[in-house]
Amino acid sequence: GGLEPELSIVLDTMFPQGLLTKVAREWAAAFPATPLRVYFEALGAVPQAVLDGRCSVGVIGTLQRAPPDLSKEWLFNLPLVTVVGASHPLADLRSPIAASAMERHVQVVLTDRSTLTTGQEFGVLGGQSWRVAELSTKHAFLCAGLGWGHMPYPAVADDITAGRLVVIEPEGTPTG
């Protein structure tokens, strides 16, 4: 209706690109005069962008709670898988893999650029971890066999099918 100069949204870095593209196409058809501004962040940086007024809407994952100043609505379930590169030593172990075996290898983990989740870990099983700020670097590191990590299934489905990544099942892993 011409009331919004633009819509700024912030999405968890694990948000499926295919779904975002579908929604953006529908947005363009319904609101052609209103630009869409999309940001990707991890963990607490998503709600922080809404709290700071940089974005009107944010979509976070279920592993964290929304700050009390924000309302929360359930959108959908996004399956997570734990993967390693096909050349990684964990790729040859039978599942479930004991935590003691997992801890001997690097876990590639998303880091939070905000202070909202300081002192909290989401899906980190201990041992050595490498922290990255966005999903594409994590994906590249996993494909290169530099460690193991939890990924949204849609982001790695083609790599699993092609044999570049192998699904493993550590004891006590999240499922979505």
Next on the checklist: Just to be sure I understand the filter: pairs with C-beta atoms under 8 Å, separated by 6 or more residues or on different chains, first member in the range 65-91 and closer than 15 Å to Val108 by Cβ and touching a residue at least 60 places away in the same chain (Cβ under 8 Å), second member part of a loop (DSSP other than H, G, I, E, B) and open to solvent by 60 Å² or more (accessible area, probe 1.4 Å). Which pairs pass?
Outcome noted: Leu80/Thr175; Thr82/Glu169; Gly85/Ala144; Gly85/Leu146; Gly85/Arg164
Checklist outcome for this item: Within the range 31-65, the residues that are of a type in the set (Gly, Ala, Ser) and surrounded by 15 or more Cβ atoms within 10 Å (Cβ to Cβ) are Ala42, Gly44, Ala45, Ala49, Gly58, Gly61
Checklist outcome for this item: Those residues of the range 1-15 which are surrounded by 16 or more Cβ atoms within 10 Å (Cβ to Cβ) and of a type outside the set (A, V, I, L, M, F, W, C) amount to Ser8, Asp12, Thr13
Checklist entry - Restricting the search to the range 1-41, which residues are part of a helix (DSSP H, G or I) and of a type in the set (Ser, Thr, Tyr)? => result Thr21
Next on the checklist: Suppose we keep only residues that are in contact with a strand residue (DSSP E or B) (Cβ under 8 Å, 6 or more places away or on another chain) and farther than 20 Å from Met14 by Cβ within the range 66-97. Which one would you say is surrounded by the fewest Cβ atoms within 10 Å (Cβ to Cβ)?
Outcome noted: Ser95
Checklist entry - Got a number for residues in the range 146-160 being over 12 Å from Val109 (Cα atoms) and either at pLDDT below 90 or open to solvent by less than 10 Å² (accessible area, probe 1.4 Å) (or both)? => result 2
Next on the checklist: I'm checking my understanding of the structure. Among residues of the range 163-173 that are of a type outside the set (D, E, K, R) and open to solvent by 60 Å² or more (accessible area, probe 1.4 Å), which one is nearest to Ser87 (Cα to Cα)?
Outcome noted: Val167
Next on the checklist: Just to be sure before I move on: is Ala133 open to solvent by 20 Å² or more (accessible area, probe 1.4 Å), of a type in the set (Gly, Ala, Ser), under 16 Å from Thr13 (Cβ atoms) and at pLDDT 65 or above in the structure I sent?
Outcome noted: yes
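The values are calculated or read from the model by the stated rules, or taken from the named source; none is laboratory data. Every value quoted in this text rests on a predicted model; they were computed, and no experiment measured them. Reconstructed Cβ throughout: ideal geometry from the backbone, glycine too, with neighbour counts over all protein chains shown. With ligands, DNA and RNA removed, areas are computed over all heavy atoms of the protein, side chains included. Shrake-Rupley method; radii C 1.70, N 1.55, O 1.52, S 1.80 Å.
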